[in-house]
Amino acid sequence: MIPVFVDTFFPNGSPLHWRQAEDGAVELYPIPDHARFSPNRQFTHWHLRLHVPPGTPPGTLAVRIAKVMNCWNGREAPAMSRKFVRGVVSADGIAWSGLDGCASDREGFAAEFAVPVAGGVVHFATLVPYTEADLERLLARLGRSPLARVYNLGSTVEGRALPFFELGRADAPESVFLRARAHPWETGGSWLIEGLVDRLLDGSAASQALLDGVRFCVQPMANRDGVNRGMSRFTVTGMDLNRDWHPAVPHDPVLAPENAVLALWFAEQHRLGRIPRLAIDLHNDDGGNLHFSHPTRDPEAFVARQARFEELLREHTWFTEGHTAAGFHNAGTFGEGLSEQYGINAFIWELRATQADGLGRQPLAADWKQLGAAFVEVAARYLRETA
Ligand SMILES: [Zn+2]
């Protein structure tokens, strides 16, 4: 049997226990994160490094992930019960490829993977990781561009800076807002934003014209503490940053400063008459739907605009998933709260994590970047056509 060491002691490494079983398999016992004063808890994120002794010949390592019960809005459900059991692996932490696993029929285990090992270490994660180091690289690049304005909105519970950036003319007639990583495991939104930045800073006349007309406003990593600690959903105070968005009810500045400062940003934009007409909170899940809530003010016009957004997305990108059913409500979510408060088209976009039917395979970082580049056109057309 190949002796193994599992390293999770790095930024974004997952909290878990592990052991190597008698048959040599690595058994992982993930620790879910918990909501505050609620039964809700979640394990989705894993990110670890499997070390084997130097000179170990190439082969595969059996990895088993223990059964963990998640709890969502008070309802228990087993983690990893999704249709596709998939992860990603990398030899260097930079180039990642997809890895299919399978449901486990062993007592106490949810999933099994045969992880290829060649060389001393293999990186293994749920989705292609996007860490604070990636964020810092992005911010440094934006800082060198005359087209970008980078600033901090405030700090997280643990005192980490909460960066924010704007691309496009400061007095552009239209604004779009994007947020990523309200839930730390959901890296798709981070990669989408990277693709959007690549496109907008490509130096083309088309991009310059876009930036004259539209200001793109981005909070790139909302739950930065959770990303650092390798958590799945909640913050270190047990808050869900996609909850408690109720009109006229302020966020708790101590328990959820990440939301409190963002709500102030929206209030200030509203005061200045510069509120974005399109605001999207980027997530990942297994369904991949656009979560269209139904606000009380002018719901027909709201739904018609949402439908146009979806059409444009289908026309310009590989998006083929759908949207939530008519009458869908999820009170307190980002989309529902901001739509209700400001009458803007705000919603959740769940990027499908494990399978993209439009690609016929599991989406990886480059696919989400491509989506981000194409989104620029979608947003510009949406704003033009719904003005
Ligand atoms: Zn989410």
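Write down the percent of antiparallel bridges among all DSSP beta bridges whose residues are both part of segment 70-211, to the nearest 5.
Once the DSSP bridges in segment 70-211 are tallied, antiparallel ones form about 100 percent.
Would you kindly derive the ³J(HN,Hα) couplings of segment 97-103 from the backbone phi angles with the Karplus curve 6.51 cos²θ - 1.76 cosθ + 1.60 (θ = phi - 60°), listing them in order in whole Hz, with x for Gly and Pro?
Karplus-based 3J(HN,Hα) across segment 97-103 equals 10, x, 9, 7, x, 8, 5 Hz.
Which trypsin sites (Lys or Arg not before Pro) in segment 133-214 sit in a loop by DSSP (not H, G, I, E or B) and have at most 12 other Cβ atoms within 10 Å of their own Cβ?
ARG144
Per 0.36 nm of contour for each residue apart, how much would the distance between ALA114 and HIS17 grow if the chain were fully extended, relative to their Cα-Cα spacing?
Stretched out fully, the ALA114 to HIS17 stretch lengthens by 33.0 nm.
Just want to confirm a number: the relative contact order over segment 132-385, from Cα pairs under 8 angstrom separated by 6+ residues, in percent.
Relative contact order, segment 132-385: 24 percent.
Quick check on segment 17-159: take the gyration tensor over C-alpha atoms, sort the square-rooted eigenvalues as a ≥ b ≥ c, and tell me if it's rounded (a/c under 1.5), prolate or oblate.
Oblate, because a/c is 1.5 or more while a/b does not exceed b/c.
Rounded to two decimals, what ratio of Rg to Rh does segment 209-364 give with C-alpha atoms and a Kirkwood Rh?
0.96
If one computes the Cα centroid of segment 83-102 and of segment 326-386, what distance in Å separates the two points?
24
Below 8 Å between Cα atoms, with a sequence gap of 6+, how large is the relative contact order for segment 13-138 in percent?
Computed over segment 13-138, the figure is 27 percent.
For segment 98-143, build the convex hull from the C-alpha positions and give me its volume per residue in Å³.
Dividing the Cα hull volume of segment 98-143 by its residues yields 129 Å³.
Loop sites only, by DSSP: take the chymotrypsin sites (Phe, Trp or Tyr not before Pro) in the chain that have at most 12 other C-beta atoms within 10 Å and name the longest stretch containing none of them.
38-387
According to the Kirkwood expression over distinct Cα-Cα pairs, how big is the hydrodynamic radius of the chain, in Å?
Kirkwood hydrodynamic radius for the chain: 21.6 Å.
State which helices in the chain qualify, where a helix is a whole DSSP H run, it must extend 27 Å or more along its own axis by its Cα atoms, and its mean Kyte-Doolittle hydropathy must be at least -1.0.
Within the chain the helices that satisfy the rule are 365-385.
Ignoring the sites themselves, what is the longest stretch of the chain with no GluC sites (Glu not before Pro) in a DSSP loop and at most 11 other beta-carbon atoms within 10 Å?
108-387
Assuming 0.36 nm per residue, please report the length gained on full extension of the stretch ASN330 to ARG271 beyond their Cα-Cα distance.
Gain on stretching ASN330 to ARG271: 18.5 nm.
Given the chain, what percent of its DSSP beta bridges are antiparallel, to the nearest 5?
Around 70 percent of the beta bridges assigned by DSSP in the chain are antiparallel ones.
Please state the equivalent ellipsoid semi-axes for segment 316-387: what are the square roots of 5 times the Cα gyration tensor eigenvalues, largest first, in whole Å?
So the equivalent ellipsoid measures 25, 17, 11 Å along its semi-axes.
A short reminder: the numbers here are calculations on the coordinates, not readings from a lab. Everything numeric in this text was worked out from a predicted model, so none of it was measured. So basically every Cβ, Gly included, is an ideal-geometry build from the backbone, and we count neighbours across all protein chains shown.
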